[in-house]
Amino acid sequence: QVQLVESGGGLAQAGGSLRLSCAASGSIFKINGMGWYYQAPGKQRELVATITPSGLTNYAGSVKGRFTISRDNAKNTVHLQMNSLKPEDTAVYFCNAFAQPNYGSSYQSFWGQGTQVTVSS
């Protein structure tokens, strides 16, 4: 199976920056889309940004212009550069990969364990 490990979360002040990283490992034949989602306390998990293998990106309206998603296909990593952070960005951030673990297997959605981002005002 595919394991995803996030890093880079923590505490930042409003207006500050953080960079999240996610590395995929394990049985990986091919990774299609990768992305970041966030979940605030008491709320559902929501899309932050996604990126295709060719680099096409999609952002939630609330983060557009502030966050940048990127990936390194050779290293099976995805990153999220978060600038101009706001207190409402506080949440647990999850990495996601839509991947094919083995040749001929179905694509599945895999999730990391999440990393906490807290933005103070």
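The values are calculated or read from the model by the stated rules, or taken from the named source; none is laboratory data. No experiment lies behind these values; they were computed from the predicted model shown. Virtual Cβ from ideal backbone geometry, glycine too; neighbours counted across all protein chains shown. With ligands, DNA and RNA removed, areas are computed over all heavy atoms of the protein, side chains included. Shrake-Rupley method; radii C 1.70, N 1.55, O 1.52, S 1.80 Å.
Before moving on, here are some points about what is shown:
- Prolate/oblate/rounded label for the chain (Cα gyration tensor, a/c 1.5): prolate
- Positive contributions from Lys and Arg (+1) and negative ones from Asp and Glu (-1), summed over other residues with Cβ under 12 Å from the Cβ of Gly9, come out at -1.
- Sulfur and carbon atoms: percent of accessible area, region 1-71 [1.4 Å]: 50 percent
- Value of relative contact order over region 3-121, rounded to a whole percent, pairs C-alpha under 8 Å and six or more apart: 37 percent
- Within a straight-line Cα-Cα reach of under 23 Å, Lys43 can be paired with the following lysines, leaving aside sequence neighbours fewer than 8 residues apart in one chain: Lys64, Lys86.
- Full extension of the chain between Asn73 and Lys30 gives 14.5 nm of extra length, using 0.36 nm per residue less the Cα-Cα distance.
- Calculated FRET efficiency for the pair Ser54/Asn102, C-beta based, R₀ 22 Å, to 0.05: 0.45
- Lys, Arg +1 and Asp, Glu -1 on Cβ, resulting dipole of the chain about Cα centre, debye, nearest 20: 120 debye
- Summing charges over all other residues whose Cβ lies under 14 Å from the Cβ of Asn83, with Lys and Arg as +1 and Asp and Glu as -1, gives +3.
- Note on Lys75: lysines with a C-alpha under 21 Å away, same-chain residues under 8 apart excluded, are Lys30.
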